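Heads up, the thing below is written out as structure tokens.
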Amino acid sequence: MALQISLTSIRPGAGHDAAVENMVLKYLQRCGRELPAVAKVFRTEKQFREWAAEERKAGATAVWLADVGAKAFTTEAFAEKLRAARDGGIRHLALGIGPADGWSEAARSEADLRFSLSAMTMPHEVARLVLAEQIYRVATILQGHPYHTGH
């Protein structure tokens, strides 16, 4: 069975920039049936945490948060983490990009995994785009597609 990915983000104000959002959605649409992916936006961390709790009640859901200072993974290692989650029975994976001031300690403690996209600071929307591309890249790795060439 496929692993469903939800790329989630906290965005309290207006929606995401249309051009960047279009690129995010294109990457997610390319993931295909093996790693179907959707984007979800929450106004507050509280809304995200409530949604995540409900998803967990439905079963087989894990929550991974992009978090400054957490462990960074290579693309290949990230793909192996997703493969292990899928093969270990996880059917829904929520990948979270947090609020501008970072995740609360409560959100961090509830996460199944915390990971860093980069040691550098980047705008929220760029982080979403980077993670969307990495989700697509992982999908190609898991499918044996030549998109990912290891560099």
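Every number in this text was worked out from the coordinates using simple rules, so none of it is lab data. Remember, it's a predicted structure, so these values are computed and weren't measured experimentally. Quick reminder, even Gly has a Cβ in these numbers, built from the backbone with ideal geometry, and neighbours come from all protein chains shown.
Label point 7 Å out from Leu25 along Cα-to-Cβ: which residues of the stretch 105-145 have amide N under 19 Å? Backbone N within reach: 125-136.
Quick check on the chain: helices-only [θ] at 222 nm, where DSSP H runs of length 4 and up contribute -39,500 (n - 2.57) each and the sum goes over total residues. Nearest 500, please. Calculated at 222 nm, the ellipticity per residue is -13500 deg cm²/dmol.
For the listed residue pairs Lys26/Lys57; Lys26/Lys71; Lys57/Lys81, the alpha carbons are over 25 angstrom apart in Lys26/Lys57; Lys26/Lys71.
Quick check: convex hull over the Cα atoms of the chain, volume per residue in Å³, rounded to an integer? If you can, show how the numbers build up before the last one.
Working: hull volume 16.3 nm³, N = 151.
Enclosed volume per residue, from the Cα hull, is 108 Å³.
In the chain, the DSSP beta bridges split such that about 0 percent are antiparallel, to the nearest 5. Annotation: peptides 132-140, 41-49, ranked by per-residue average of other Cβ atoms within 10 Å with the highest first, follow the order 132-140, 41-49.
Quick check on the stretch 69-117: take the gyration tensor over C-alpha atoms, sort the square-rooted eigenvalues as a ≥ b ≥ c, and tell me if it's rounded (a/c under 1.5), prolate or oblate. Oblate, because a/c is 1.5 or more while a/b does not exceed b/c.
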